Amino acid sequence: PFKGSVSLKCFALTFKKDMQSVCVSVNADLESQFKAFREKAAAAMPGSDWSPIQVTKGLPPERADIVIVGGGVMGWSVAYWLKKKEKVRDGVRVLVVEKDPTYSQASSVLSCGGIRQQFSLKENILLSLASADFLKNINDHLGVVNEDPVDLQFNHSGYLFLASPDVAPIMEENYTIQRDLGAKVILLSPTQLKDRFPWINTDGIALASYGLENEGWFDPWTLLNAFRCKAMSMGVYQCFGEVTGFRCSSQKAETTDGDFVNIKRIKYVDVRMPNSLEYQPVECAVVVNAAGASSGKIADMLGIGHGPKQTMAGIPLPVEPRKRFVYVVHCPDGPGLECPFLIDYSGFYLRREGLGGNYITGMSPEETEEPDVSNLDVDHDFFHDKVWPLLCHRLPPFECLKVSGAWAGYYDYNTFDQNAIVGTHPLVNNMFFVTGFSGHGLQQSPAVGRAVVELILDGGFQTIDLSAFDFKRILYHEPILERNIV
Amino acid sequence: MAAPVLCQMRRRCPVVAYLSVVRREYASSPPSPPSLFSRFLFQLNQHFHDVEHLINWSSWLRNRVVRRKNVFYGYTQKRFGVNVAAAYYILGLGGGFRFAGHSDWFRPDSRGKFSYDFLNTPNSTIEEIDLSRTLINHAGLENIVSQNELRSLSLQGCPEVDDWFLARLHVFGESLQWLDLSHCPHITVGGLAALQHLRKLRRLDVSSLPRLQNPGLVRILLEEMLPHCEVIGADYEQGLILTDNVEEAEPVRHK
């Protein structure tokens, strides 16, 4: 009886265990079936995006009012302002096309993130001031109601420009222009400079210009994401794909001299899906070229620059990518919180990064020694040969340092006069250029986005007049030079 | 950072919005789970534009109070002079001040009423300002920048004072000696870096700044930046992981 009851119990136990495991597996099957049922029910409700035709995921819509080529900070700024200033809800359908979802080569995110008002052109100063005002109230503009507030990690340390005796008069003229327009800048003599920043070697410096307010650096990725999230919450379509061509219609027009020109109007933008040959022609009314370093390629697809030389059609868009290196160094004796964004007249720049004695430094190479732009590899010899000697001479504590990292990024360099190109081309009716910033795109992006949207929606500039940045100056060979580029 | 609750970025639907809006204070406590009403409102928000607009309006209305408190007193400045305008503005906010050369403070009473005696002395500038727990922000500072003999400023517990406010304090660079920034929830290291223009600063209070992750390190850097200034409110050990002291193991987050 003993053994029998034990074996009965064992049998009962194993039976129970089997039943439980069967129950568990049945439960698991039931769960997954319920889940599948719930998903099907959700797809059947109105408001879901199920369709019986199998469409490739990620295709852009077939029709859009405004297509923005380039999903960097400038493209998303334009998209945000378009949605902000449209008079009717869903008045314009905006599509932003970005070729790289990882943003691995995008200039916006590889930037040092500085913002300054110390320019020599009135338009540049006004753009920076307006952008600083935008960033001051960024949560009023770009705050999405349930999300965390936007935290740009803005360091208000100011920019410090150092001038040699031959550049000092230019700096003084720039100072008067900047003060007149409302930028808070002061000039420092070498003694005042030494008193304020004892770690600078004031040999060969005649004058320094220091920004007191609205200058510093911030996190560019946060700004890009904030623009993107806010624009998408307002209804902007995003597509990851590459623009491979345009389909245009053209009309003959006669100039006042009697020549005949072909005026093009873009009808379709061909957007090719990543890793695929499939493309979608997007019918559009306006195209905005915010492609940054690749803007030249986009303009080339339209035939700008393919005409006979000495004519309007023969002058290409003078924007090309230029590679710039940024080096992260660690210096234990370096300056602390008071370190501004220092820019020397010899060309190198330096700023503090974080609180641990790390700094970011770099320099623009000479015109003749521009590095190869086919990849983003870093040339460390450039730091040792060119940057470090200048750094040591100007800032003695940096004689002992260690390079802990480096990266490279592209400038969308305007070879004509290193200033922005904002406006339409006379031979292409509906393409707006927002490019050629040569390193200042990030700091001017909020204000330039608003200006371009005023141009598109209102027909002319309302707040800041950027007609000096029109494409016509390139056709007339009249450069407007900015004397304070880094 | 407090994690946002449920964010679904659908192509055309707006982002989740709750009526009990996430305030702009970085409280250290985690957010409470959304109530039934909030979840119901979220469903409505996904489907109706009207609900979305209402929710946007409610957050705009919330900011209206702050904006009204910080409006520029241009007419008062033109009519009575900058000193009277600054005095009127400070009293309107609920703060207190003391004129240079006098020893009595002007403050509103508990109901917000104040006497207009400051009108009798339009030429005396203000020497000490107490703006603790008021709604001043960087726009409102425009009313006070004319007081270039300001020696002491207290901003204890002001919820709207942020880094941009500190960046504007450079106008007091020649006179400010005492600055109290304790309990301000929006100040970070980036704003404290802007205090380098205050060369005459002798006492700086940075206690209980919730967004400072390494208060001890920040104190050292501030003392280096302003050599004649005494920085109080942060111990050198705050923010450090002490290997021999188990209870003081606060995690350190490096930038």
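Extending each Cα 7 Å along its Cβ direction at A:Gln192 and B:Asp104, get the distance between those two points in nm, one decimal.
4.2 nm
Would you kindly give the portion of the calculated P(r) for the protein assembly as shown that falls above 35 Å, as a percent of all Cα pairs? Could the numbers behind the result be given before it?
Working: 149440 of 274170 pairs.
So the portion of pairs separated by more than 35 Å is 55 percent.
If you roll a 1.4 angstrom probe over the protein chains with everything in place, what fraction of the accessible area of chain A belongs to carbon and sulfur, to the nearest %? Please report the intermediate quantities before stating the final value.
On the way: 12110 of 22120 Å².
Result for chain A: 55 percent of the exposed heavy-atom area is carbon or sulfur.
Straight-line reach from A:Lys194: which lysines have a Cα under 24 Å away, not including same-chain ones fewer than 8 places off?
Result set, ordered by chain and number: A:Lys184, B:Lys200.
Please enumerate, by chain and number, the aspartates and glutamates with C-alpha under 13 Å from the C-alpha of A:Lys136, excluding those fewer than 8 residues away in the same chain.
Cross-link targets: A:Asp151, A:Glu213, A:Glu215, B:Glu160, B:Asp162, B:Asp163.
7 Å from Cα along Cα→Cβ at both A:Ile53 and A:Ser104: what's the point-to-point distance in nm?
3.4 nm
Give the shape of region A:155-223 as rounded, prolate or oblate, defined through the alpha-carbon gyration tensor: a ≥ b ≥ c are the square roots of its eigenvalues, a/c under 1.5 means rounded, and otherwise the shape is prolate if a/b is larger than b/c and oblate if not. Mind dumping the intermediate values first?
On the way: a/c = 2.17, a/b = 1.35, b/c = 1.60.
Here region A:155-223 falls in the oblate category.
With solvent modelled as a 1.4 Å probe, how much accessible area in total do chains A and B shield from it at their shared surface, in Å² to the nearest 100?
On the way: alone 24140 and 15740 Å², together 35900 Å².
So the buried area, both faces added, is about 4000 Å².
Could you name the lysines whose alpha carbon sits less than 20 Å from that of A:Lys40, not counting residues in the same chain fewer than 8 places away?
Within the straight-line limit of under 20 Å, A:Lys40 reaches these lysines: A:Lys57.
Per the Kirkwood treatment, what hydrodynamic radius in Å, one decimal, follows for region B:66-232 from the mean inverse distance over all distinct Cα pairs? All intermediate terms of the calculation are to be shown ahead of the outcome.
Details: mean 1/r = 0.0619 Å⁻¹.
One decimal place: 16.2 Å for the Kirkwood radius.
Using only atoms on other chains, find how many Cβ atoms lie within 10 Å of each Cβ of peptide A:327-337 and report the average. Show your work: numbers first, answer last.
Values: counts 0, 0, 0, 0, 0, 0, 0, 0, 2, 8, 15.
Average neighbour count from other chains, rounded to a whole number: 2.
Which ³J(HN,Hα) values, rounded to whole Hz and listed in residue order, are derived for region B:72-79 from phi using the Karplus coefficients 6.51, -1.76 and 1.60 in 6.51 cos²θ - 1.76 cosθ + 1.60 with θ = phi - 60°, glycine and proline given as x?
3J(HN,Hα) across region B:72-79, in whole Hz: 7, 8, x, 5, 4, 5, 5, 7.
Distance between the C-alpha centers of region A:203-278 and region B:87-114? Whole Å please.
53 Å
Tell me, what is the Rg over Rh of region A:178-264, with Rh the Kirkwood radius over Cα pairs?
Working: Rg = 25.9 Å, Rh = 19.8 Å.
Radius of gyration over Kirkwood radius for region A:178-264 works out to 1.31.
Along Cα→Cβ, 7 Å out, is where each label goes; now give me the distance between the ones at A:Ala42 and A:Val167 in nm to one decimal.
5.8 nm
Which entries of B:Lys69/B:Lys113; A:Lys230/A:Lys267; A:Lys85/A:Lys122 have Cα-Cα distances beyond 18 Å here?
Details: B:Lys69/B:Lys113 16 Å; A:Lys230/A:Lys267 28 Å; A:Lys85/A:Lys122 25 Å.
Beyond 18 Å between Cα atoms: A:Lys230/A:Lys267; A:Lys85/A:Lys122.
Quantify, in whole percent, the carbon and sulfur part of the accessible surface of region B:66-232 (1.4 Å probe; protein heavy atoms only). Don't skip to the end; give the middle numbers.
On the way: 3350 of 6950 Å².
Of the solvent-accessible surface of region B:66-232, carbon and sulfur hold 48 percent.
For peptide A:147-159, how many partner chain Cβ atoms fall within 10 Å of a residue's Cβ, on average?
Shielding by partners across A:147-159 averages 6.
For region A:185-227, list residues with backbone N below 20 Å from a point placed 7 Å from the Cα of A:Lys122 toward its Cβ?
Hits in region A:185-227 for A:Lys122 at 20 Å: A:185.
By per-residue mean of other Cβ atoms within 10 Å, what is the highest-first order of B:48-61, A:390-403, B:213-226?
On the way: B:48-61: 13.9, A:390-403: 17.3, B:213-226: 19.1.
Sorting B:48-61, A:390-403, B:213-226 by mean packing, highest first, produces B:213-226, A:390-403, B:48-61.
Taking R0 as 56 Å, what's the FRET efficiency between A:Thr415 and B:Asn123 from their Cβ-Cβ distance, rounded to 0.05? If you can, show how the numbers build up before the last one.
On the way: r = 59 Å, r/R0 = 1.06.
Calculated transfer efficiency: 0.40.
So how strong a dipole does the protein assembly as shown carry about its Cα centre when Lys and Arg Cβ are +1 and Asp and Glu Cβ are -1, to the nearest 20 debye?
Dipole of the protein assembly as shown, to the nearest 20 debye: 2840 debye.
Taking a virtual spin label 7 Å from the Cα of B:His53 along the C-beta vector, which residues in region A:131-168 bring their backbone nitrogen under 19 Å of it?
A:145
The values are calculated or read from the model by the stated rules, or taken from the named source; none is laboratory data. The shown structure was predicted, so the numbers you read here are calculated from the model rather than taken from an experiment. Glycine gets a Cβ as well: all are built from the backbone with ideal geometry, and neighbour counts include every protein chain shown. Heavy atoms of the whole protein, side chains included, go into the accessibility calculation; ligands, DNA and RNA do not. Shrake-Rupley method; radii C 1.70, N 1.55, O 1.52, S 1.80 Å.
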